[in-house]
């Protein structure tokens, strides 16, 4: 249940109407509060009436109408500027970058400010009366509308400046990188410790073998697996005394009718357990960063891939993406990737998920860029330099193997695709530096392990 609520909140938070809707509601409440204050003030005995609006009903209507009309015009202008920015970002960096602009709270706040000011002025305008000598002018509320108008001028200037900077490649890449680092910290909160214990795999296989019978649960529809309720799956498995083997992880595309989960059991199970298990999976039309550790990685890869295309030919943007990807992978080397096994409160194996591996993350980060930039010397060298930085912080054997595999492919590809001998020598120099870094890193880890065992 919590997973579904978080999923709904993620959709609401990235929608373009959420914050503006809240601000319009706030404007309605504020208008009612200020009207109440105006009704309670006795302006004849009020000592500072000089700072309040002193005009009559016609003047009040003119001021409020002017502010309201200006605000709705500026709101339309803001929306137009936003659409232009979204179109430019989509064509330059990829359609998936539109989500970053839509979820940006600053864009939503700016649009909500103009709309809520318009609504506020309309509500105040409706209270102005001039019927047969019954004149009523909410002076305090009108002064506040003028203050809002002045503030909105500053917000408009800020918005134009912000849009001009946010559509720049470096700013967008930095934004995606920040989201990537936040996802890594959220999905992999534990700091890295000892080497992976392979006996855990053997114990898992023995535990699964004890459950001889099995039943497959197929996907009822196609879509990207956006999230799954791991705690709910463990609880279902515990109550039914079964083991669930999940064949997909968040971010992967599920084909309708494909095997989603395999249920392994010894005793008879309930007829409706398939529906309960399927209800723990959320499928959607697009990938979501909710539980997908590789979501932001693929965004950076997409930006780099478009930058390396012949139509755009912007290798400097691709180099920036490689730097950010290298930094993110350095962060991941210091964190524990979650185990595939999920246990109940009695320490019994209940769920075997499809795990995230460092090798898979490394391939996601570098494979496509390596293929797109194979004939580009600067890209090839920067890829090796990023791998050198990662190798210097590699903690586990899996890390070193994944880094070595990528380096080998880059180096062998350069022998075929780079015609200039000196370029190939430069690549070879970086490759040898990488191998040396991996060896030194391995020696240092062995020394630290011996010291730790001696203590």
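Only the coordinates and a few stated rules stand behind these numbers; no lab work does. For clarity, every value in this text was computed on a predicted model and none was experimentally measured. Methodologically, a virtual Cβ is constructed for each residue, glycine included, from the backbone with ideal geometry; neighbour enumeration extends over all protein chains shown.
Computed values, structure above
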read-out: Residue order, fewest to most surrounding Cβ atoms within 10 angstrom, among 161, 399; value: 161, 399
read-out: At q = 0.17, 0.18, 0.21 Å⁻¹, base-10 log of I(q)/I(0) for the stretch 322-415 (Debye sum, equal scatterers on each alpha carbon); value: -0.72, -0.78, -0.98
read-out: Net length gained if the chain between residue 171 and residue 415 were fully extended (0.36 nm per residue, minus Cα distance); value: 84.4 nm
read-out: Hull volume in cubic angstrom per residue (convex hull over the Cα atoms of the stretch 264-323); value: 135 Å³
read-out: For the stretch 292-348: rounded, prolate or oblate by the Cα gyration tensor [a/c cutoff 1.5]; value: prolate
read-out: Rounded to 10°, Cα long-axis angle of helix 57-93 versus longest principal axis of the chain; value: 20 degrees
read-out: Residues 109, 301 arranged by fewest to most Cβ contacts within 10 Å; value: 109, 301
read-out: Long-range tail of P(r) for the stretch 264-395 (Cα pairs > 18 Å, %); value: 65 percent
read-out: The stretch 2-167 - Rg (one decimal) and Dmax (whole number), Cα, Å; value: 19.5, 63
read-out: Relative contact order of the chain, pairs being alpha-carbon contacts under 8 Å that are 6 or more residues apart, as %; value: 14 percent
read-out: Helix 421-454 axis, angle to the chain major axis (alpha carbon atoms, nearest 10°); value: 80 degrees
read-out: Cα-based helix-to-principal-axis angle, 18-40 vs the chain, degrees rounded to 10; value: 30 degrees
read-out: The chain: radius of gyration and largest Cα-Cα distance (Dmax), Å; value: 29.8, 98
read-out: Cα→Cβ-extended label distance, 7 Å offset, between residue 17 and residue 433, nm; value: 5.4 nm
